[in-house]
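Working notes for the structure below.
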Amino acid sequence: MFQILVSKLDLTRFGRLFQAILVFCYAIPNSGIIWTWDKILTLFLMVSCGSLIFFGLFLIYAAFSFFTTEGLEFMNIFIDGGREFGRYPFSIYGEKILMFLTYIIPLALFQYYPLLYLIDREQSIIFMFTPLIGLLFLIPSYAFFRFGLRRYKSTGS
């Protein structure tokens, strides 16, 4: 699995990571959010669980690669699409898209719902913990990856 994780390691992306960290450090104190312990925890859960959910998407991508040579295009829909969906408020997409992004590809569980809690649009503490619910996505992702491994046939060379 480590080989799969580092197979697309691109050192030029560290520049993007550095930029993102700088913008993040600037935006946090200037966001207008009153940072309490629960909102700090929510932000931590959004970032950490979001990373793990994308890890689950990459596991699915790796599993598709066992069955087809064109798994990349299929997964680009979800990975690049997830990034594009995240640029706009999920509320503009409509109820059916929001349901898809909640129950099928759980991007809304670490982006939309906890953000509603951060900006005080929702007071229920359950919105704070929705990123943890999104971690359940790792179970079928890993199971599909293991299924792909069991079905893998080498060329023998």
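A short reminder: the numbers here are calculations on the coordinates, not readings from a lab. Values in this document were obtained by computation on a predicted structure and should not be read as measured data. Cβ: placed from backbone, ideal geometry, glycine included. Neighbour counts: every protein chain shown.
Some notes on this structure:
- Extension gain from L22 to L149, taking 0.36 nm per residue of separation minus the Cα-Cα distance: 41.8 nm
- Cut-off 12 Å, label 7 Å out along Cα→Cβ of I34, residues of the range 119-157 by amide N: 120
- By average C-beta atoms within 10 angstrom, highest first, the peptides 11-19, 128-136: 128-136, 11-19
- Here the chain is assigned +1 on the Cβ of each Lys and Arg and -1 on the Cβ of each Asp and Glu. Its dipole about the Cα centre then comes out at about 440 debye.
- Taking each DSSP H run with n ≥ 4 as -39500 (n - 2.57) and averaging over every residue of the chain yields -21000 deg cm²/dmol at 222 nm.
- Multiplying the residue separation of L11 and L138 by 0.36 nm and removing their Cα-Cα distance gives an extension gain of 43.1 nm.
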